[in-house]
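One structure is given below, encoded as structure tokens.
The values are calculated or read from the model by the stated rules, or taken from the named source; none is laboratory data. Just so it is clear, the structure is predicted and the values come from calculations on it, not from any experiment. Note: ideal-geometry Cβ built from the backbone for every residue, glycine included; neighbour counts use all protein chains shown. The accessibility values were calculated without ligands, DNA or RNA, using every heavy atom of the protein model including side chains. Shrake-Rupley method; radii C 1.70, N 1.55, O 1.52, S 1.80 Å.
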Amino acid sequence: MKKWLGMICVGILITTTTACGSGGSEELASKEKQVIKEGKTVVTLSIQQPSEFLQTAEKKFEEKYPDIDLQIQTTDDYEKYTKTTNTALLSGKGPDIFEITGRMPIDDFVSKKLLLNMDDSMEQDKTLNKSDLKMNVLELLKVNGGMYAMPLGFGMSLFVGDGNVIKNSTVKIDDKSWNWNTFEDISKQLIQQAEKGGKKQFYGLAYYPADSILTGMVSDNYAEFVDLTAKKAKFDSPEFVELMQNIKKMFDEKVMTEELAKTDNQLFSHVNVTSVDFIGGLYSHFENPVLLQQPHIGKSEGTRIFPLSQIAIRANSPVKDEAWKFISFLLSDEAQSLQEREGLSLLASVDDKKLNEIQEQVKSGTYKFLDGKKAKVSDEEFTQFKHLVHGTYRYEDADAKVIRMISEDSVFFFSGQKSAEEVAKLIQNKVTIYLNE
């Protein structure tokens with residue numbers, strides 16, 4: 001269930017110093033000058049581990065801008081990269097462009113004016129095809145209303161269902177509006193119908209522990225339980241207590257199980273789609289897959305997305321203009337179309353072109369699975385996937401430390417050691433202390 005947790009976002013304590021404030025940053029910036037090497041302006045890009053995509057993009061970028069020397073620095077050690085980059089930024093120094101990782105306190109960086117707001121750069125950049133850019137994705141990823149971290153690609157968190165059962169049943173699924181209560185009702189109806197057809201045991205979801213189901217639901221609907229602006233948690237609410245109780249009820253009634261089940265003995269499975277080539281991933285779950293949005297909590301709608309990688313520009317970098325040129329290049333058709341790039345594209349045309357190519361391969365019979373079998377995917381399924389790719393999105397930036405607290409303490413309820421109310425208060429107290437540290 002680690003995939004349920006989405007992007008990791010762990011807060012750290014930050015000691016405010018004069019250098020960390022905007023005034024300190026500006027003072028340090030005035031002492032820092034552009035580095036010129038062999039007649040070229042040097043721009044440093046720091047990433048956690050080597051990236052084939054960025055290395056390829058670097059070569060093509062330098063061909064386009066021969067007066068800029070982009071130097072990629074890698075650490076290949078998550079802890080070391082995070083600590084070193086955090087320390088450098090808070091002292092007013094560091095790389096010109098850097099990768100944002102889960103343990104970087106981006107909200108604090110923004111409040112201390114350590115990151116460049118790229119909104120103005122995007123607005124003034126005439127080379128960007130803004131009508132093709134997925135602005136709905138970029139808007140969701142803004143922090144305090146500004147574009148401080150640019151995604152290189154993104155994925156969608158979805159459900160895939162067993163079409164052999166769903167399509168042959170009388171039960172209708174409206175995945176645009178369904179929540180976990182309707183998921184329970186639908187699963188029970190489908191299980192009853194399937195068992196009448198000869199299935200001895202059927203599950204809505206299988207191979208997921210109860211605490212992972214809970215943390216997945218919270219991660220997908222984080223704003224329902226945590227108000228980051230007010231630094232308040234809502235885990236002692238009747239809604240959270242009821243959520244835990246409903247999950248336990250679904251396990252008690254065999255709608256869910258943490259045991260491993262065969263693919264033909266479960267109705268749904270969770271899947272993270274990180275490519276427009278969606279066929280292989282879906283058909284590895286079911287023979288006749290049905291692609292669905294995940295059930296929601298409350299009134300939230302849309303397909304949940306998550307960035308695969310994000311990069312930011314240091315606010316006091318002496319080469320901000322050159323750094324932006326590289327970000328802009330990454331948003332171009334040339335870079336977004338690179339085979340090495342991971343995730344769904346930020347350009348609608350790039351995804352459409354690739355999807356149409358795959359659809360033609362399926363029709364001609366040239367698209368085959370690893371076992372040599374030809375893929376049988378209807379035009380209707382391609383149309384449905386295109387609607388998801390170009391549909392309504394939602395994004396929740398869940399704090400991994402909060403999620404870990406929920407996972408660790410909810411086990412006391414699911415194992416019968418404490419009541420739901422006791423566990424809710426325990427989680428509420430821990431999260432409240434953490435949010436106000």
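Taken over region 293-326, the residue count meeting the criterion of being open to solvent by less than 10 Å² (accessible area, probe 1.4 Å) and under 20 Å from the mean Cα position of the chain (by Cα) is 10.
Listed by position, the strands (runs of 3 or more DSSP E) contained in region 262-359 that have at least 2 residues being out of contact with any Gly (no Cβ under 8 Å at 6 or more places or on another chain) are 303-313.
Evaluate the following for K374: is it surrounded by fewer than 16 Cβ atoms within 10 Å (Cβ to Cβ) and touching a Gly at 6+ places or on another chain (Cβ under 6 Å)? The answer is yes for K374.
Annotation: of all residues in region 392-426 being part of a loop (DSSP other than H, G, I, E, B) and under 16 Å from the mean Cα position of the chain (by Cα), the one that is nearest to P105 (Cα to Cα) is D399. Taking region 110-125 on its own, how many of its residues are within 24 Å of V42 (Cα to Cα) and at pLDDT below 95? The number of residues fulfilling the criteria is 0. Residues in region 274-292 that are of a type in the set (F, W, Y) and over 14 Å from M156 (Cα atoms) were compared, and the one that is least open to solvent (accessible area, probe 1.4 Å) is F286. Whether any residue in region 361-371 is closer than 30 Å to T85 by Cβ, part of a loop (DSSP other than H, G, I, E, B) and not hydroxyl-bearing (S, T, Y) is what I want to check. Within region 361-371 (the criterion being closer than 30 Å to T85 by Cβ, part of a loop (DSSP other than H, G, I, E, B) and not hydroxyl-bearing (S, T, Y)), the answer is no, since none of the residues qualifies. Candidates are the residues of region 114-144 that are free of Cβ contacts under 8 Å to residues at least 12 places away in the same chain and in a loop (DSSP other than H, G, I, E, B); the one that is least open to solvent (accessible area, probe 1.4 Å) is K142. Per the conditions (1) under 21 Å from the mean Cα position of the chain (by Cα); (2) open to solvent by less than 20 Å² (accessible area, probe 1.4 Å), the sole criterion not satisfied by F329 is (1). Filtering region 226-259 to residues that are open to solvent by 10 Å² or more (accessible area, probe 1.4 Å), more than 26 Å from I166 (Cα to Cα) and not basic (K, R) leaves D227, L228, T229, A230, A233, D236, S237, P238, E239, V241, E242, Q245. Here I186 meets each of (1) at pLDDT below 95; (2) buried (at least 20 other Cβ atoms within 10 Å of the Cβ); (3) among the aliphatic types (A, V, I, L, M); (4) not in a strand (DSSP E or B) with one exception, condition (1).
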